[in-house]
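First comes the structure, then the notes that go with it.
The values are calculated or read from the model by the stated rules, or taken from the named source; none is laboratory data. Quantities reported herein were computed from a predicted structural model and do not represent experimental measurements. In this analysis, Cβ positions are derived from the backbone assuming ideal geometry, glycine residues included, and neighbour counts consider all displayed protein chains. Ligands, DNA and RNA are stripped out before the accessible areas are found, and what is left, the full protein with its side chains, is counted by its heavy atoms. Shrake-Rupley method; radii C 1.70, N 1.55, O 1.52, S 1.80 Å.
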Amino acid sequence: MRPDDESAEVEAANARFYRAFETMDIAQMDPVWFHDDHVRCVHPGWNLLMGWDAVRQSWDAIFKNSGEMRFSISDVDVQVDGSLAWVTCTENILSHARGQIAVTRLLATNVFERHGAEWLMVHHHASHTLPSEPPGDTA
């Protein structure tokens, strides 16, 4: 398989993750992830979650306690190395909860492993961004 084809497959797997997230349905999120003890997840402001059971429980809790969310993903960068791939991107999130509309911007790293013909997520880490300042001398 050509590297461009693999990158496109990983980018499609990344898009499936965000579509599953938007559904707020654990049954849609389940097939996106590899179900094993070595998977990891860090939601913004949460501790590290280890193992599929803990990661799945976190998604279930988020879906049950959140309103609507819509993602616009930007700054997507895909890297593939054998059966491992990672995507860095910016999550631009429009959410509606408790009568409030909010726009949030997060940086994310999503790691995928190839299992057969599928790329499955094994790690998701999202964190808030800080206002950026142009690089310069601090002296």
Problem set entry | Pair list, Cβ under 9 Å, 6 or more apart: segment 96-125 residue under 18 Å from residue 48 (Cβ atoms), other residue exposed (fewer than 12 other Cβ atoms within 10 Å of the Cβ) and among the charged types (D, E, K, R) | 107/75
Problem set entry | Members of segment 94-128 that are within 15 Å of residue 22 (Cβ to Cβ), modelled with pLDDT of 95 or more and over 12 Å from the mean Cα position of the chain (by Cα) | none
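Conditions (1) open to solvent by 30 Å² or more (accessible area, probe 1.4 Å); (2) in a helix (DSSP H, G or I); (3) of a type in the set (Asp, Glu); (4) at positive phi, marked per residue:
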site: 36; (1), (2), (3), (4): yes, no, yes, no
site: 57; (1), (2), (3), (4): yes, yes, no, no
site: 64; (1), (2), (3), (4): yes, yes, no, no
site: 92; (1), (2), (3), (4): yes, no, no, no
site: 126; (1), (2), (3), (4): no, no, no, no
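Going through 24, 29, 50 one at a time, which residue ends up being touching a residue at least 40 places away in the same chain (Cβ under 8 Å), out of contact with any Asp or Glu (no Cβ under 6 Å at 6 or more places or on another chain) and of a type in the set (A, V, I, L, M, F, W, C)?
On the way: 29 fails: touching a residue at least 40 places away in the same chain (Cβ under 8 Å); 50 fails: touching a residue at least 40 places away in the same chain (Cβ under 8 Å).
On inspection, the qualifying residue turns out to be 24.
May I ask you to verify whether residue 12 is part of a helix (DSSP H, G or I), out of contact with any Leu (no Cβ under 9 Å at 6 or more places or on another chain) and loosely packed, with under 13 Cβ neighbours inside 10 Å? Don't jump to the end; show me each part of the working.
Details: part of a helix (DSSP H, G or I): yes; out of contact with any Leu (no Cβ under 9 Å at 6 or more places or on another chain): yes; loosely packed, with under 13 Cβ neighbours inside 10 Å: yes.
Judged against the criteria, residue 12 is a match.
Condition check: more than 15 Å from residue 21 (Cβ to Cβ) and either without any contact (Cβ under 8 Å) to a residue 60 or more places away in the chain or surrounded by 13 or more Cβ atoms within 10 Å (Cβ to Cβ) (or both). Does residue 72 satisfy that?
Values: more than 15 Å from residue 21 (Cβ to Cβ): no; either without any contact (Cβ under 8 Å) to a residue 60 or more places away in the chain or surrounded by 13 or more Cβ atoms within 10 Å (Cβ to Cβ) (or both): yes.
Taking the combined requirement at face value, the residue does not satisfy it.
Within segment 73-84, is even one residue at pLDDT below 95 and not in a strand (DSSP E or B)?
Filtering segment 73-84 down to residues at pLDDT below 95 leaves none.
For segment 73-84, residues at pLDDT below 95 and not in a strand (DSSP E or B): absent.
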Problem set entry | Residue that is nearest to residue 87 (Cα to Cα) [pool: residues in segment 38-55 that are surrounded by 13 or more Cβ atoms within 10 Å (Cβ to Cβ) and out of contact with any strand residue (DSSP E or B) (no Cβ under 7 Å at 6 or more places or on another chain)] | 51
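Would you be able to tell me the number of residues in segment 38-55 that are in a loop (DSSP other than H, G, I, E, B) and within 15 Å of residue 17 (Cβ to Cβ)? Can you show your working first?
First, pick out the residues of segment 38-55 that are in a loop (DSSP other than H, G, I, E, B): 38-39, 43-48, 51.
If we keep only those that are within 15 Å of residue 17 (Cβ to Cβ) too, we end up with 39, 43.
Of the residues in segment 38-55, 2 are in a loop (DSSP other than H, G, I, E, B) and within 15 Å of residue 17 (Cβ to Cβ).
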